[in-house]
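Since the structure comes first, as structure tokens, the remarks are kept for the end.
The values are calculated or read from the model by the stated rules, or taken from the named source; none is laboratory data. Being a predicted model, the structure only gives us computed values, none of them experimental. Every residue, glycine as well, gets a Cβ built from its backbone with ideal geometry; the counts of neighbours run over all protein chains shown. Accessible surface is based on the protein model in full, side chains and every heavy atom, while ligands, DNA and RNA are left aside. Shrake-Rupley method; radii C 1.70, N 1.55, O 1.52, S 1.80 Å.
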Amino acid sequence: MDIKSKNINTIISPELKTNYKNFPMVPRVIFGAGCFGQLGEILMPKRINSESPFIFLVDDVFEGTGLISRIPLIFNDQLIFISADEEPKTDQVDALVHKIKSDYDDLPSGIIGIGGGTLLDLAKAVAIMLTNKGNSYQYQGWDLVKKPSIYHVGIPTISGTGAEVSRTTVLLGPDKKLGINSDYTTFDQVLMDPDLTKGVPKEQWFYTGMDCFIHCIESLNGTFLNAFSQSYGEKALELCKEVYLEDLQEDVARNKLMMASWHGGMSIAYSQVGVAHAMSYGLSYLLGVRHGIGNCLVFQHLKEFYPEGVELFNEMKEKHNILLPKGICKELTNDDFEIMINVALSLVPLWENALGKEWRTIVTPEKLKSIYQKI
């Protein structure tokens, strides 16, 4: 055997093999003010035939607005308005899939989600369940999806969740709140038009932006941290500080927050979130508290885990005169607390990232209850 062959065998020897995850990324993205106008030309090559429609899932806040007339509906395309007042649910996904399959003989050419995290997650979940058997709650977890989803597009109209770039779609199921985390969840195309985020109410703008900020803090302080996650997390954090602590022009702030959301979502691809997200899942599951505000309600009490992050959060909250609601958990019973605690503690990867493999010696049901009682 010559030296060259010997070196190759050494490189691929079994003891040198690794177990790094080979994560997908959004293969196509378009960014820029007004780029929503290019949606028709983006979709046309993806249309299977005139009998296979595009299904547009749209936040009902846009019903009756000028945005609807700009959606490129042709042939038998369908537009479905959906309220984002509640977190997306598995039974809602299953109902949408049933409706689409009943309405059409052929599978759609694609699913397009237009809205915030709720609509984007619904679009991802529906695209998955149109090609996978059973109910969507059966796929809540990590890498349970076996068949590729149909073509799906994400168009965020508020920035912060990172749902446009993540490989998960977080759903409220019958017994847990958990994402369908899979290589088939990620969007095939994302359209990022900062103009679509005009007019977002101030509180919602703050809470959703803080979802991104908390992504960064949890990722950058986690035990899973690596150079890949760190590079995205640091950039997202820098952008969040600019948007929420500096006095930027409105259009500049929209652009920067949209990119902060993108980078924040990317920062957890090779990492994870942490304590605030785990505990906010409990609030969402039991009380229906929206994700962004749920994160804020929890994060304000996490100085023990994220001292610098909580200090920055309080500074941002004060600058924008945000008053978080109080007494959310005041009337809860011991059984209620137990439900929330069980939901939170079931999210093992989040706790491992936050506190390491021995996290159970640090976080107890009693500790979580004491935090929930402050909310």
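Between A344, A260, A227, the residue with the greatest mean-square fluctuation in the GNM of the chain (Cα pairs under 10 Å linked by springs) is A227. Its relative contact order, with pairs defined as Cα atoms under 8 Å and 6+ residues apart, puts the range 254-375 at 36 percent.
Take the Cα of S370, step 7 Å toward its Cβ, do the same at F31, and the gap between the two points is 4.3 nm.
A simple spin-label model places pseudo-atoms 7 Å from Cα toward Cβ; at E308 and I322 they are separated by 2.0 nm. DSSP beta bridges confined to the chain are antiparallel in about 10 percent of cases. For the range 144-239, relative contact order (Cα pairs under 8 Å, six or more residues apart, normalised by length) works out to 29 percent.
The phi-based Karplus calculation (6.51 cos²θ - 1.76 cosθ + 1.60; θ = phi - 60°) puts the 3J(HN,Hα) values of the range 116-121 at x, x, 4, 5, 5, 5 Hz, whole numbers, x for Gly and Pro. Extension gain for N226 to K99 (0.36 nm times residue separation, less C-alpha to C-alpha distance): 41.4 nm.
Ranking L67, M266, G288 by how far each Cα lies toward the positive end of the dipole of the chain (charges on Cβ) leaves M266 at the top. Length gained on full extension, D175 to W142, computed as 0.36 nm times the residue gap minus the Cα-Cα distance: 10.2 nm. Distant-in-sequence amide contacts of V363, defined by a placed amide H-H separation under 5 Å and a gap of 5 or more residues or a different chain, comprise nothing. Label the range 98-156 by shape, choosing from rounded, prolate and oblate, from the square roots a ≥ b ≥ c of the eigenvalues of the Cα gyration tensor; if a/c is under 1.5 it is rounded, and otherwise prolate applies when a/b is larger than b/c, oblate when it is not. Since a/c reaches 1.5 but b/c is at least a/b, the shape of the range 98-156 is classed as oblate. Derived scalar couplings between HN and Hα for the range 249-256 equal 5, 4, 5, 5, 5, 4, 4, 5 Hz in order, rounded to whole Hz, by the Karplus curve 6.51 cos²θ - 1.76 cosθ + 1.60 (θ = phi - 60°), x for Gly and Pro. Length gained on full extension, D85 to Q249: 56.1 nm, using 0.36 nm per residue less the C-alpha separation. Shape class for the range 266-375, computed from the alpha carbon gyration tensor (a ≥ b ≥ c): oblate, with a/c not under 1.5 and a/b at or below b/c. Which of rounded, prolate or oblate describes the chain when judged by the alpha-carbon gyration tensor and an a/c cut-off of 1.5? Taking the square roots of the gyration eigenvalues as a ≥ b ≥ c, the chain is rounded.
Run the accessible area of the chain with a 1.4 Å probe and give the carbon-and-sulfur part as a rounded percent.
After summing per-atom areas, the C and S share lands at 51 percent.
Based on Cα contacts under 8 Å between residues 6+ apart, the chain shows a relative contact order of 15 percent.
Accessible surface computed residue by residue for the range 323-375, with neighbouring protein chains in place and a 1.4 Å probe, gives 57 Å² per residue. Over the chain, DSSP H runs of length four or greater, each weighted -39,500 (n - 2.57), average out per residue to a 222 nm ellipticity of -13500 deg cm²/dmol.
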